[in-house]
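Below is one structure, written out as structure tokens; the observations come after it.
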Amino acid sequence: MFNPIHQHLLVKCSIKKTIREVEVLNQWFRDLVAKVGMKVVAGPTSVMVDEPGNEGLTGTVTLATSHASIHIWDEAENPFLQFDIYSCKCYETSVVLEHINNAFEIDEYEYMLVDRNDNLTVVDQKAGKYEQNLITNE
């Protein structure tokens, strides 16, 4: 029997690289889903937003265990992104952050991992300069 975990990772980071192509971001989502051992049930769907002040690529993927989403503000003076993944299947924060870093080259970051089982509880939180070997979920 499946035992839901209900964890929600929220990430905000300044980035050195960006993605501007819809299909590249969709492939990024498919690769992420494979890395965290989940299953796509719809999407991914990505679109370029051209609303002044909110320009950038945005995307979502629906998982059998919930969803992941991203918005990339590549036109900002200091490009950044916000990402979240909610799932009732366990996953490692470090795997998700490494996947983000591989595509976007994180400069500074902050994240919060929320346990959404009974009460909303922050179970892990970090911020600072990104150093890949220092990010753990322990």
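Each value in this text was obtained by applying a stated rule to the coordinates, not by laboratory testing. Fair warning: this is a prediction, and the values are worked out from it, not measured in the lab. Cβ atoms come from the backbone with ideal geometry, glycine included; neighbour counts cover every protein chain shown.
Cross-link candidates for Lys89: which lysines have Cα within less than 17 Å, leaving aside residues fewer than 8 places away along the same chain?
Lys35, Lys39
Would you order Glu51, Glu23 from fewest to most other beta-carbon atoms within 10 Å of each residue's own beta-carbon?
Details: Glu51 7, Glu23 10.
Placing the least packed residue first, the sequence is Glu51, Glu23.
Tell me, what HN-Hα J-couplings in whole Hz come from the Karplus equation 6.51 cos²θ - 1.76 cosθ + 1.60 at θ = phi - 60° for each residue of the stretch 34-47, using x for Gly and Pro?
Each residue's phi maps through the Karplus curve to give 5, 5, 9, x, 10, 10, 6, 10, 7, x, x, 10, 10, 9 Hz.
Within the stretch 1-76, list the chymotrypsin sites (Phe, Trp or Tyr not before Pro) lying in a DSSP loop whose Cβ has at most 11 other Cβ atoms in a 10 Å radius.
Values: sites: Phe2, Trp28, Phe29, Trp73; in loops: Phe2.
Sparse-neighbourhood loop chymotrypsin sites (Phe, Trp or Tyr not before Pro): Phe2.
Please arrange Lys129, Lys12 by counting, for each residue, the other beta carbons lying within 10 Å of its beta carbon, fewest first. Show your work: numbers first, answer last.
Numbers: Lys129 10, Lys12 15.
In increasing order of surrounding Cβ atoms, one gets Lys129, Lys12.
Can you give the angle from 0 to 90° between the axis of helix 93-104 and the longest principal axis of the chain, with both taken from C-alpha atoms, to the nearest 10?
The angle comes out near 10 degrees.
Under the rule of -39500 (n - 2.57) per DSSP H run of 4 or more residues, summed and divided by the residues of the chain, what mean residue ellipticity at 222 nm is obtained, to the nearest 500 deg cm²/dmol?
Working: 2 runs with 26 residues, N = 138.
Taking each H run of at least 4 residues, the total per residue is -6000 deg cm²/dmol.
Using Cα positions and a limit of under 20 Å, work out the lysines in reach of Lys126, with same-chain residues fewer than 8 apart set aside.
Within reach: Lys12, Lys16.
How big is Rg to Rh over the stretch 33-138, alpha-carbon atoms, Rh as the Kirkwood inverse-mean-distance radius? Present the calculation step by step, with values, prior to reporting the outcome.
Values: Rg = 14.5 Å, Rh = 15.0 Å.
Reported Rg/Rh (Cα atoms, Kirkwood Rh): 0.96.
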